[in-house]
Amino acid sequence: MTLIQKGTVVLGGFCLIAMALITCAEVVMRYAFSHPIFGAAEMVQILLGFLVFAGMFAVARERSHVTVSLFEPFFRAHAPRLYNLIFNIMSVLGVGSIAVILGWRVRDLMSYPETTVVLRLPMLWIVGGMTALAVLAILGAFAAMRRHGASQSPDA
């Protein structure tokens, strides 16, 4: 699992670097040369999508989801097992529902292919890649549950 985690983090890092480079180049080309990069905004949007879904595995694996600090200390102190149970269920349900929704979209795209508006890239490959990363996040959530056990806190 650590190889997958390193791979998804590196993928996310490359996406972030590419987004920054494309954005900087777009600004320079647009304002210095009055010739913007064709499709730069669409490229950045696609890279942002892959960045988010690449990071989902690491977040699920490390149990570093965003939590509401208003309730968390109370539940950790008074009902740690209930807290862990709710944390685990919501983690798997969250990443699972995202993967299912994207999977439905992939199924639709297989029947009715679409392309992106500007660059005309096949949406099936874009949404399919994001779906694969979301499925990896489900595996990361299950691995975190197994690694930490039901009785330990999510930070352990």
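The values are calculated or read from the model by the stated rules, or taken from the named source; none is laboratory data. Since the structure is predicted, the reported quantities are computational estimates derived from the model, not experimental observations. Cβ placement follows ideal geometry from the backbone for every residue including glycine, while neighbour counts extend to all protein chains displayed. Protein only, heavy atoms only, side chains kept; ligands, DNA and RNA dropped before computing areas. Shrake-Rupley method; radii C 1.70, N 1.55, O 1.52, S 1.80 Å.
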Legend entry - Where a residue in the stretch 18-37 is small (Gly, Ala, Ser) and its partner, wherever it lies, is open to solvent by less than 60 Å² (accessible area, probe 1.4 Å) and not in a helix (DSSP H, G or I), with Cβ under 9 Å and at least six apart: Ala25/Ile37
Legend entry - Selected residue (criterion: nearest to Phe57 (Cα to Cα)) from residues of the stretch 105-116 that are assigned to a helix (DSSP H, G or I) and open to solvent by 30 Å² or more (accessible area, probe 1.4 Å): Arg105
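Quick one: which helices (runs of 4 or more DSSP H) lie wholly within the stretch 1-90 and hold at least 1 residues that are over 28 Å from Thr115 (Cα atoms), open to solvent by less than 60 Å² (accessible area, probe 1.4 Å) and small (Gly, Ala, Ser)?
Because the criterion is at least 1 residues that are over 28 Å from Thr115 (Cα atoms), open to solvent by less than 60 Å² (accessible area, probe 1.4 Å) and small (Gly, Ala, Ser), the helices (runs of 4 or more DSSP H) in the stretch 1-90 that meet it are 40-62.
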Inset, instruction - State yes or no: is Val9 at pLDDT below 95 and closer than 26 Å to Leu133 by Cβ? - result: yes
Inset, instruction - Kindly establish whether Leu102 is assigned to a helix (DSSP H, G or I), in contact with a Cys (Cβ under 6 Å, 6 or more places away or on another chain), open to solvent by less than 80 Å² (accessible area, probe 1.4 Å) and within 21 Å of Gly12 (Cα to Cα). - result: no
